[in-house]
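Notes to accompany the following structure.
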């Protein structure tokens, strides 16, 4: 009887300690979470209030939060020079939460669904940038933040949410049954350590590293793209001329490319909103999908319906299925319409109808 009483007292005391202890993730007061599924003992631990700030443990630090320890191991870092990260590399640390093989991240999500990765931005393995040389348009070696100067996650993303681009709606279905959020994706204004800041995600953001792809370079022949080099107020991912509706239409309106397939078709003759503008990089390079067709002589567009019913490619019929660009895609050279090994005329005919070819 005595031992039974002692056991009851012991476990009661243990329960009190557990209840008084902080939760596993300490970034937010999860008891204030009211928006499903961001509730206590759920995503609210790291992401509440996700809908309003979208930074989770990566921003909005204050004296009352303990976000630092979610990513930094103060007394148990595996090696010197890793900024007290719990894993040996920056990419490995990011994959602690963003591991696509588990269906919750980017790298690995495609292979986990049984498909082949056709193109990707390789991390911790290379520092060679295709089209990075502004003088020749060829490849260029750059110094990045990863192992031995290779490209890593923090060369494009700000882990602390500082100096990031303006929020924009993307394609990725992050939570089942909810539309894509308008987020910054923690993209740096100066990716790759470039000297010039880019406030909005678009061609100029890509040109920070792929400088040899700029249309301002007369000696290099690439497909013309819209940027500050071609016009003072270029289109961006957040604001471009897109088809008015998913139905057959000859009109356009200003809108975001993300969360729709209406931003990949350009009718001919061009509409008033399209006139004087070139496509941005992301109108050809994005998550692989079927964008629709130009109708008849090209004077009307028939965009494909955008669908995103589940996250991370779980539903094969989604269009696009994955939302992992520019990390990795199922399309050749990260082209929006392509097989894993080649692209066909259909990609070009999204903007250049056969009736208008010279």
Is segment 170-191 home to any residue that is in a helix (DSSP H, G or I), modelled with pLDDT of 95 or more and either under 30 Å from residue 315 (Cβ atoms) or under 19 Å from the mean Cα position of the chain (by Cα) (or both)?
yes
Please state which of the following conditions residue 265 fails to meet, knowing it meets all the rest: (1) in contact with a strand residue (DSSP E or B) (Cβ under 7 Å, 6 or more places away or on another chain); (2) without any contact (Cβ under 8 Å) to a residue 60 or more places away in the chain; (3) in a loop (DSSP other than H, G, I, E, B).
(2)
Lone qualifier among 140, 120 - being touching a residue at least 40 places away in the same chain (Cβ under 8 Å) and surrounded by fewer than 17 Cβ atoms within 10 Å (Cβ to Cβ):
120
Out of 257, 242, I need the residue that is within 28 Å of residue 188 (Cα to Cα) and in a strand (DSSP E or B). Which one?
242
Within segment 150-167, can you find the residues that are buried (at least 22 other Cβ atoms within 10 Å of the Cβ) and under 20 Å from residue 260 (Cβ atoms)?
165
Out of (1) touching a strand residue (DSSP E or B) at 6+ places or on another chain (Cβ under 6 Å); (2) crowded, with 16+ Cβ neighbours inside 10 Å; (3) not in a loop (DSSP other than H, G, I, E, B), the one residue 282 does not meet is (1)
Hits in segment 116-140 - residues which are outside any loop (DSSP other than H, G, I, E, B), in contact with a helix residue (DSSP H, G or I) (Cβ under 9 Å, 6 or more places away or on another chain) and farther than 14 Å from residue 194 by Cβ
119, 120
Could you identify the single residue in 310, 315 that is in a loop (DSSP other than H, G, I, E, B), surrounded by fewer than 21 Cβ atoms within 10 Å (Cβ to Cβ) and in contact (Cβ under 8 Å) with a residue 24 or more places away in the chain?
310
Determine, yes or no, whether residue 305 is at pLDDT below 95, assigned to a loop (DSSP other than H, G, I, E, B) and either in contact with a strand residue (DSSP E or B) (Cβ under 8 Å, 6 or more places away or on another chain) or surrounded by fewer than 22 Cβ atoms within 10 Å (Cβ to Cβ) (or both).
no
Suppose we keep only residues that are over 19 Å from residue 128 (Cβ atoms) and in a loop (DSSP other than H, G, I, E, B) within segment 197-216. Which one would you say is modelled with the lowest pLDDT?
216
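The values are calculated or read from the model by the stated rules, or taken from the named source; none is laboratory data. These figures come from a predicted structure and were not determined experimentally. Cβ sites come from the backbone with ideal geometry, for glycine too, and all protein chains shown count toward neighbours.
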